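Any read-out appearing in this document is the output of simple, stated calculations on the displayed coordinates, not a laboratory observation. For clarity, every value in this text was computed on a predicted model and none was experimentally measured. Here the Cβ positions follow ideal geometry from the backbone for every residue, glycine too, while neighbour counts run over all protein chains shown.
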Amino acid sequence: MSAFIARTLLHYCNVSRKNSTYMAPLKIDFYDFTFVLKGRLRYVVNGEAQDILENDAVFIPPDSIRERIALDEPVKYVSYNFIAGEGERLPSGPFLKGIISEQIRQIVSCFSASHLAEVYSTREKVINLLNVILHELNDILDFRSSNPHIINIIRYINEHITEPITLHSVSAYAGLTKEYTAHIFKKETSMTVTEYINHRKMLLAKDMIHSTSYPLHEISDRLGYEGYSYFSRVFKKEFGASPTKIKREE
């Protein structure tokens, strides 16, 4: 998994409308990711109809037949049509209930223009924000939990992933004891806090090896590891190969 899941942006809109317009059935050759911030949309995907309510999303893959039904009621929604990189991990969809977190809403608010202007810098900003949203979406789907402590812990780890993070710092942030933090996290995610921290750091480390010219020791430092040997051991456990071997294969 790379930092750039979406590679080419075809269409973007962030609109409030008095009603939703009809889209005739069409077999698409791109991903359609549309979510509702307020109101309701109704989609039919491969013959299956579903209402998309506030904080719901529709995530339609290529080769699907997409149709949108006209509804005579107010709606605010955001829509992206894009091409993904080969082999990237994407939500299975097509209907994702209650998936739009407050963090995704905040990301969208960074760029709320109605439609994408044909200006390269504008398009680049939108696709960068889309990739952040897709990574957040994957995190939510990986560790979907109704426990607010787990949601806060995962968000804290992801937001501080380049810093040294320990069970002590995580539990202090969550306002819980270390023992209780360790217990509920393992119960909800089937991973220890340390395993999750290292998993997220290793994904970022591998991406940095592929996409930057940083020396391996610098990548280790940038991810908050005090020693390269420990970083290397964790990396090999995660991917079955050392950082040196992965870099050599570049």
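Checking [x] -0.52, -0.62, -1.03; [y] -0.43, -0.51, -0.93; [z] -0.48, -0.58, -1.03 against the coordinates, the calculated log10 I(q)/I(0) by the Debye sum over Cα atoms at q = 0.09, 0.10, 0.14 Å⁻¹ falls under label [z].
A Förster radius of 41 Å combined with the Cβ-Cβ distance from residue 15 to residue 199 puts the calculated FRET efficiency at roughly 0.65. With a sphere of radius 12 Å drawn around the Cβ of residue 73, what net charge do the other residues whose Cβ falls strictly inside it have (Lys, Arg +1; Asp, Glu -1)? Neighbour charge sum, excluding residue 73 itself: +4.
Mean sequence separation of contacting Cα pairs (under 8 Å, at least six apart), scaled by the length of region 65-207, corresponds to a relative contact order of 17 percent. Working from Cα pairs under 8 Å separated by at least six residues, relative contact order for the chain is 17 percent.
Remark: 220, 79, 16 ranked as 16, 79, 220, counting other beta-carbon atoms within 10 Å and listing the fewest first.
Over region 148-248, the ratio between the Cα radius of gyration and 2.2 N^0.38 Å evaluates to 1.12. Ranked for footprinting exposure by Cβ neighbours inside 10 Å, fewest first, 35, 82, 185 give 82, 35, 185.
For every other residue with a beta carbon closer than 11 angstrom to the beta carbon of residue 104, add +1 if it is Lys or Arg and -1 if Asp or Glu, then tell me the sum. With Lys, Arg at +1 and Asp, Glu at -1, the neighbours total -2. For the chain, hydrophobic long helices are taken as DSSP H runs at least 18 Å long by C-alpha position along their axis with mean Kyte-Doolittle hydropathy of 0.0 or more; these are 120-142.
Were the residues from residue 162 through residue 249 laid out at 0.36 nm apart, the gain over their Cα-Cα distance would be 28.9 nm. Quote the relative contact order of region 1-123 in percent (integer), defining contacts as alpha-carbon pairs under 8 Å separated by 6+ residues. With pairs under 8 Å counted, the relative contact order is 36 percent. Other residues within the sphere of radius under 11 Å centred on the Cβ of residue 241, judged by their own Cβ, net out at +4 (K and R +1, D and E -1).
Mind sorting 29, 207, 56 by how few other Cβ atoms lie within 10 Å of their own Cβ, fewest first?
29, 207, 56
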